[in-house]
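A.B. asks: This is the structure I have questions about; it appears just below.
The values are calculated or read from the model by the stated rules, or taken from the named source; none is laboratory data. Note that the structure is predicted; figures quoted are calculated from it, not measured. In this analysis, Cβ positions are derived from the backbone assuming ideal geometry, glycine residues included, and neighbour counts consider all displayed protein chains.
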Amino acid sequence: MADDELEEEEEEGGAPGWLTTWADMMSVLLTFFIVLQAFSTLSEKKFYEAMSSIQRAFHMPLPIKAPGSFTYETPRTAEEMEEQLDKDTEGISVEDFGDRIVLTVESGMLFGIGRAEMTSTGASIMDQVAKAIARAPGPIRVEGHTCDLPVGAGSEFRDNWELSTGRALSVLQELTRRGIRPERLAASGHGEFHPIAPNDTEENRRKNRRVEFVIEKGPEVADDFGGGG
């Protein structure tokens, strides 16, 4: 039998072209549903990583809700958060750093001098803050900062580290009272060691006495959705 005849018989016995395409599509769908099933046991970090891969593959954001109690939504921009804040209130700012959004409130708006108990004015400010960050995805880190002046004599705090940490914890508790899930929150105090302005004038010291709400966008999510540097 000639070689041409053998090749012709092999071609006639092979699978039709549409079947190969159909099989490829079924393989893709099977993989997709396996990934969805795996989401039920993923941690938040792994979920973010998986979503980032899917976003890059489809070249578009996919705002969805993950299985369980964790909610994944399109990250809020700094501008969207600012819309939830009173425009006439000074001492509050929002900045987008690409991988995170930082909402900053001057401590004088929340606490008395050398104190960590929230004032009534501070409570109203926290209403705005909680509303602004409620829909933001990922973990939220509350960071307390002070200026370089030492705590006053007779203060319940030994130093600025303790004062800044106490204020961060107080703010964290206020957030949980306003519906922010505690598993998303962490608090830390940095004392006077991370100033944003020189401690050479009272105005600059006022800026350094602050509480920062650091909203993480999650691994690589910032690259997919954009964000200012």
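A.B. asks: Take the conditions in contact with a Pro (Cβ under 9 Å, 6 or more places away or on another chain) and surrounded by fewer than 16 Cβ atoms within 10 Å (Cβ to Cβ) and apply them to residue 176. Does it pass?
C.D. replies: yes
A.B. asks: Right, something else. Tally the residues that are β-branched (Val, Ile, Thr) and assigned to a loop (DSSP other than H, G, I, E, B), restricting the search to region 82-113.
C.D. replies: So the answer is 2.
Rundown of residues vs (1) modelled with pLDDT of 95 or more; (2) under 24 Å from the mean Cα position of the chain (by Cα), yes/no style:
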position: 111; (1), (2): yes, no
position: 119; (1), (2): yes, no
position: 122; (1), (2): yes, yes
position: 136; (1), (2): no, yes
position: 141; (1), (2): yes, yes
position: 152; (1), (2): no, no
position: 160; (1), (2): yes, no
position: 169; (1), (2): yes, yes
position: 175; (1), (2): yes, yes
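A.B. asks: State all residues of region 119-148 that are among the hydrophobic types (A, V, I, L, M, F, W, C) and not in a strand (DSSP E or B); if no residue qualifies, say none.
C.D. replies: Once the filter is applied, which keeps residues that are among the hydrophobic types (A, V, I, L, M, F, W, C) and not in a strand (DSSP E or B), region 119-148 yields 123, 125, 126, 129, 130, 132, 133, 134, 136, 147.
A.B. asks: Oh, and also: Quick check, is residue 116 without any contact (Cβ under 8 Å) to a residue 60 or more places away in the chain, farther than 16 Å from residue 189 by Cβ, small (Gly, Ala, Ser) and outside any strand (DSSP E or B)?
C.D. replies: Here the answer is no, as residue 116 does not meet what is asked.
A.B. asks: If you don't mind, there's one more thing I want to ask. Report, ordered by the first and then the second residue, all pairs with beta carbons closer than 9 Å, sequence separation of six or more or different chains, a first member in region 171-182 that is touching a residue at least 60 places away in the same chain (Cβ under 8 Å), and a second member that is in a helix (DSSP H, G or I).
C.D. replies: The qualifying pairs are 171/122; 171/126; 171/129.
A.B. asks: Can you name the residue in region 149-172 that is charged (D, E, K, R) and part of a helix (DSSP H, G or I) and, of all such residues, is farthest from residue 210 (Cα to Cα)?
C.D. replies: Out of the qualifying residues, it is 162.
A.B. asks: Across region 189-229, what is the number of residues that are modelled with pLDDT of 95 or more and at negative phi?
C.D. replies: Total meeting the criteria: 25.
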